[in-house]
Structure formats: structure tokens, C-alpha cells
Amino acid sequence: MKIGFLGLGQMGRGMAANLIRAGHEVTLYNRSADKTAGLGGVVASTPAEAAQGAEIVFTMVAHDAALRDVAFGADGFVGALPRGAIHVSCSTISVACAEAFSAAHSEAGQRFVSAPVFGRPDAAAWAKLFIAAGGAAADIAVCQPLFDVIGQRTFVLSDVPARANLVKLSGNFLIAAVIESLGEAMALVGKGGVDQAAYLELLTSTLFAAPVYKTYGKLIVEKAFEPAGFAATLGQKDIRLVLQAAEGLNVPLPLASLLRDRFLALIAQGGGDSDWSAISRLAAQDAGQ
């Protein structure tokens with residue numbers, strides 16, 4: 001299949017590499033061209049060039065503004081994407097942004113699928129992502145063989161693309177809540193003289209055996225916040241977006257408001273480039289550790 005892939009950060013690079021290894025004809029674009037090195041495929045100099053003649057264009061960029069820029073900015077890909085082609089957005093973007101893209105692609109005679117992913121960079125590299133998909137059933141069916149290449153399971157959530165983005169934001173809210181609660185619990189037992197590694201072993205061997213507790217618990221115990229698998233600035237962005245979506249639906253999210261402030265505090269202290277699990281440091285600091 002002829003594919004354009006835009007956005008080769010920690011997540012996008014692994015995803016694109018898997019599509020290339022699977023034998024697809026992939027044209028790559030990244031704002032920093034050095035990130036295309038070593039992947040193979042064809043390297044485009046503009047988003048428009050990456051989309052020319054493509055059946056599907058994947059985007060995996062940091063936020064709404066970056067997506068709008070590669071789509072509608074100078075040499076944006078939307079103007080070059082053929083009629084009937086599909087834009088698959090894997091980025092964590094706002095519900096409003098996804099709705100705007102659905103409308104824009106419809107007007108251009110193109111198709112749009114939201115397919116944000118759950119998983120950290122190692123999962124992207126090993127094709128172990130979980131994909132939350134929203135869009136017309138026929139469009140998702142066209143994309144499914146590619147989803148099978150980059151992920152271990154696809155969850156089809158709705159024929160409305162933006163609903164997949166709402167699910168992704170809600171999931172990141174839950175992960176951040178786990179990080180905060182784990183940080184507080186670790187601060188408590190640590191100050192009480194309990195070995196935190198032994199405490200984590202107890203948690204993850206009994207009632208809290210989920211991967212999210214194992215992954216983030218290990219990062220918290222080892223204080224392994226650099227290099228970031230997912231930067232705190234991006235975590236703050238996602239909590240802001242989930243609050244924005246909640247306000248639009250008149251759904252109070254008091255815990256999300258607390259998390260917003262935790263991320264802002266971490267960023268204010270210079271931790272914006274740390275892994276988002278570094279908000280756990282704040283609980284330790286509050287406890288005088």
C-alpha cells in the first residue's frame with residue numbers, strides 16, 4: 001500500500017519502521033529531517049510531497065497546532081491528498097480538532113479515521129500498541145491491515161472519529177491519576193520506612209497487577225524520569241484537553257483539575273522535559289523526602 005507517514009518522534013518512528021518492514025511503500029516526513037535517517041522508505045521535503053499519490057496518510061504529531069500546521073500550513077498535505085484517500089490521525093488531539101478534521105476532509109472528498117494509540121515508545125517499536133479507532137466502518141476496514149502491523153489489538157469505538165479521541169483523552173487522564181496516586185502512596189510508605197521496591201512487588205503481585213502499575217511503579221521507584229518516554233509537557237496538554245472536553249459536556253472532573261495543577265507545578269520547577277511520571281516527585285517533596 002502507498003502510505004505517507006508524517007511525524008517521526010519517539011512513537012511515530014517505531015510505527016513507520018514497522019510499516020516499512022511489512023513491505024509497504026512509505027514516504028516519510030518530519031519537521032526535523034534528521035529523524036528520517038536509518039528508517040528506509042522515501043523521504044519527502046514537505047507534508048504535501050509525502051501525501052502525493054498516497055492511499056493513506058498517517059499523522060503522529062505532538063498536538064493540535066502541529067497537526068493543523070502539517071495539514072493546512074505551507075505545503076500542507078490536505079491539498080495534495082488524493083480524493084478518496086484516508087487520513088489516519090494517531091495523535092492525541094482535542095475532540096474539537098478531530099471534529100474539524102472530519103469536516104475538512106469530507107469537504108475535500110477525502111476520508112478521516114481517528115486512531116490514537118495507547119502504549120509507550122517501546123510498544124511502538126515492538127508493534128504492541130493498542131489502537132482506539134473511530135470512523136466509518138468501511139474506512140476502518142481499509143486501515144485494519146495496517147493497524148495489525150503497528151499494534152496488537154484494535155478497538156473500534158464509533159463511526160464518529162472524534163469519539164475515539166475522547167476515549168484516548170480519558171485513558172490518559174486515568175494513567176495520570178494512577179501516577180499521582182502511586183506517587184502519594186510511595187511517599188507515604190517510604191517515609192514510614194518501608195522499602196518502596198518491596199512495596200511495589202506486593203502491589204503488582206496482588207490486586208494491582210495491571211501493566212500501568214508495573215510500568216509507572218518501576219519508574220517511580222527507580223526515579224527513572226529521564227529520558228522521557230512521554231514528556232510532562234505533553235501530559236499537561238492532555239489533561240488540559242480532557243478538561244476542555246469535559247467542560248463541553250458539562251462533566252465535572254475534579255481529579256483532572258488537581259492533575260492539571262500538579263503538571264503545572266512540575267513544569268514550573270523545570271521538569272517539563274522529564275517523563276510525566278515525574279509528577280510523583282511532588283508527592284515526595286510534599287512529604288519532605
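Each Lys or Arg adds one and each Asp or Glu takes one away; over the other residues whose Cβ falls under 11 Å from the Cβ of CYS143, this sums to -2. Need one number: the % of Cα-Cα pairs in region 83-202 sitting beyond the 16 Å mark. In whole percent, the long-distance tail amounts to 66. Relative to the Cα centre, the charge distribution of the chain, modelled as +1 at Lys and Arg Cβ and -1 at Asp and Glu Cβ, gives a dipole magnitude of about 240 debye. Hydrodynamic estimate: the Kirkwood radius of region 190-248 over Cα pairs, inserted into Stokes-Einstein at 25 °C and 0.890 mPa s, corresponds to D of 181 µm²/s. Seen through its C-alpha gyration tensor, with square-root eigenvalues sorted a ≥ b ≥ c, region 117-174 comes out oblate because a/c lies at 1.5 or above while a/b is not bigger than b/c.
Summing Lys and Arg as +1 and Asp and Glu as -1 over all other residues whose Cβ lies under 14 Å from the Cβ of ALA256 gives a net charge of 0.
For region 2-159, just say rounded, prolate or oblate: build the C-alpha gyration tensor, square-root its eigenvalues into a ≥ b ≥ c, call rounded for a/c under 1.5, and beyond that prolate if a/b exceeds b/c, oblate if not.
Rounded, because the longest to shortest axis ratio a/c is under 1.5.
Computed from the Cβ-Cβ distance with R0 of 30 Å, the FRET efficiency linking ALA65 to ALA108 stands at 0.90. Positive-end ranking of LEU241, GLY12, ALA48 along the dipole of the chain, with charges on Cβ about the Cα centre, is headed by GLY12.
Calculated mean residue ellipticity at 222 nm for the chain: -16500 deg cm²/dmol, from DSSP H runs with n ≥ 4 weighted as -39500 (n - 2.57), summed, divided by the residue count and rounded to 500. Among THR46, THR154, a tally of other beta-carbon atoms within 10 Å of each Cβ gives an order, fewest to most, of THR46, THR154. Just add up the charged neighbours of ALA115: K/R +1, D/E -1, any other residue whose Cβ is under 13 Å from the Cβ of ALA115. Net charge in that neighbourhood comes out at +2. Highest average first, the peptides 232-241, 279-288 ordered by how many other beta carbon atoms sit within 10 Å of their residues are 232-241, 279-288.
Of the DSSP H helices in the chain, those that are both long (alpha-carbon extent of 30 Å or more along the helix axis) and hydrophobic (Kyte-Doolittle mean at least -1.0) are 161-191. The calculated P(r) of region 166-286, using every Cα pair and 5 Å bins from 0, goes 2, 12, 22, 23, 19, 14, 7, 2, 0 in percent.
For the chain, the relative contact order works out to 14 percent when only alpha carbon pairs closer than 8 Å and six or more residues apart are counted. Between GLN52 and GLN269, the contour length at 0.36 nm per residue exceeds the alpha carbon distance by 73.7 nm. Pairs spanning more than 30 Å between alpha-carbon atoms, out of LYS168/LYS223; LYS35/LYS223; LYS2/LYS218; LYS128/LYS237; LYS35/LYS168: LYS2/LYS218.
No lab work stands behind these numbers, since they all come straight from the coordinates. Model, not experiment: these values are computed from the prediction. Neighbour counts are summed over all protein chains in view; Cβ atoms, including those assigned to glycine, are modelled from backbone coordinates with ideal geometry.
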